[in-house]
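Engineer: Structure provided below as structure tokens; questions to follow.
Nothing in this text is a laboratory measurement; each read-out follows from the coordinates by a stated rule. Here the structure is a predicted model, which is why all the values come from computation and not from measurement. Positions of Cβ are generated from backbone atoms using ideal geometry, with glycine treated the same way; all protein chains shown enter the neighbour counts.
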């Protein structure tokens, strides 16, 4: 049997004006052309619908000029998820390794696919835990982790992806969540988007507060100070391979709700942009709704989540 005539094949779709602005895939008839079986030729087009009306649909493919398609020629079509950005396709482990730059004295040691991390000065868990997002590929990796942290911090901690094989491995050895904290959310955005969202945050009127920036190598420390010299907040940023990351962005309780945290972010973001950063990242606890809402307004989106585990006996000693 040959294919149905073109007019019998069209019109079976749920597309309409509601898909304008969305990424869609459209199958359409090529009028005047013949397909392999002798019927009308069909072709598929993937792109963003930019217009719908007056008998036609306009689709902007990723490459090339916009394509105007007569609605009568559409055989089928549906919205499809946005294509992940290049930065979103970076594996979680690689994204985490960019964050090593945030701790100037961080010591790292590869353990197969894992990374042992220790900082003599920082107390942050991500500076004093094994990064175990991938298979270690080393027979005695678990034993080496326990021995390493017994000799350094005295408290072994593992950072794992939720419900991963590594999560199961450590739990199988009796490990439990390191604290009552929610899983940590690693977020990304483009530097340009965050800077647009911040707008004139660095151009605040003279309100008796200033941001001082001290730069050492690829790390910048911001100090939020009153005219009297009193420190009321600050933050840290680090640059690595065109990414800029942030940690410890904070403002004293009595000076919050004045946009001072955004001013710190803006200064550090400007510094990262000057160094050539195109991607910005930060990490926040998954149950910190105010912070998540704030960062969402700056364009930050979730890349991955992870959690910290520790032996049950150690957790009992450090509730």
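Engineer: Quick one: angle between helix 260-274 and the longest Cα principal axis of the chain, in degrees between 0 and 90, rounded to 10, please.
Structural biologist: 70
Engineer: Among rounded, prolate and oblate, which fits segment 248-300 when a ≥ b ≥ c are the square roots of the eigenvalues of its C-alpha gyration tensor, a/c under 1.5 means rounded, and a/b larger than b/c means prolate?
Structural biologist: oblate
Engineer: Kindly express, to the nearest 10 degrees and within the range 0 to 90, the angle between helix 141-151's C-alpha long axis and the longest C-alpha principal axis of the chain.
Structural biologist: Value to nearest ten degrees: 30.
Engineer: Which whole-angstrom value gives the distance between the alpha carbon centres of segment 108-176 and segment 23-47?
Structural biologist: Between the Cα centres of segment 108-176 and segment 23-47 lies a distance of 53 Å.
Engineer: Compare the peptides 46-56, 115-125, 184-194 by average per-residue count of other Cβ atoms within 10 angstrom and give them in order, highest first.
Structural biologist: 184-194, 115-125, 46-56
Engineer: Okay, moving on. If you average over every viewing direction, what projected area does the convex hull of the Cα atoms of segment 98-143 give, in nm²?
Structural biologist: Taking the Cα atoms of segment 98-143, their convex hull projects to 3.3 nm² on average.
Engineer: Rounded if a/c is under 1.5, else prolate if a/b is larger than b/c, else oblate: which is segment 58-212, with a ≥ b ≥ c the root eigenvalues of its Cα gyration tensor?
Structural biologist: Note, shape of segment 58-212 comes out oblate.
Engineer: Also, quick follow-up: Below 8 Å, C-alpha to C-alpha, sequence gap of six or more: please give me the relative contact order for segment 85-227 in percent.
Structural biologist: Relative contact order of segment 85-227: 16 percent.
Engineer: List the relative contact order of the chain as a percent without decimals, with contacts defined as Cα pairs under 8 Å and 6+ residues apart.
Structural biologist: For the chain, the relative contact order is 16 percent.
Engineer: Here's another thing I want to ask about it. Rg/Rh for segment 186-304 to two decimals, with Rh computed the Kirkwood way over all alpha-carbon pairs.
Structural biologist: That ratio is 0.94, to two decimals.
Engineer: Taking 2.2 N^0.38 Å as the expected size of a compact globular protein, what ratio does the Cα radius of gyration of segment 6-79 give against it, to two decimals?
Structural biologist: 1.05
Engineer: Evaluated at 10 °C with a viscosity of 1.306 mPa s, what Stokes-Einstein diffusion coefficient in µm²/s does the chain have when Rh comes from the Kirkwood expression over alpha-carbon pairs?
Structural biologist: The calculation lands on 68 µm²/s.
Engineer: Here's something else I'd like to know. So what's the back-of-envelope 222 nm ellipticity for the chain, counting only DSSP H runs of four-plus at -39500 (n - 2.57) apiece and dividing by all residues, rounded to 500?
Structural biologist: Dividing the helical sum by the residues of the chain leaves -6000 deg cm²/dmol.
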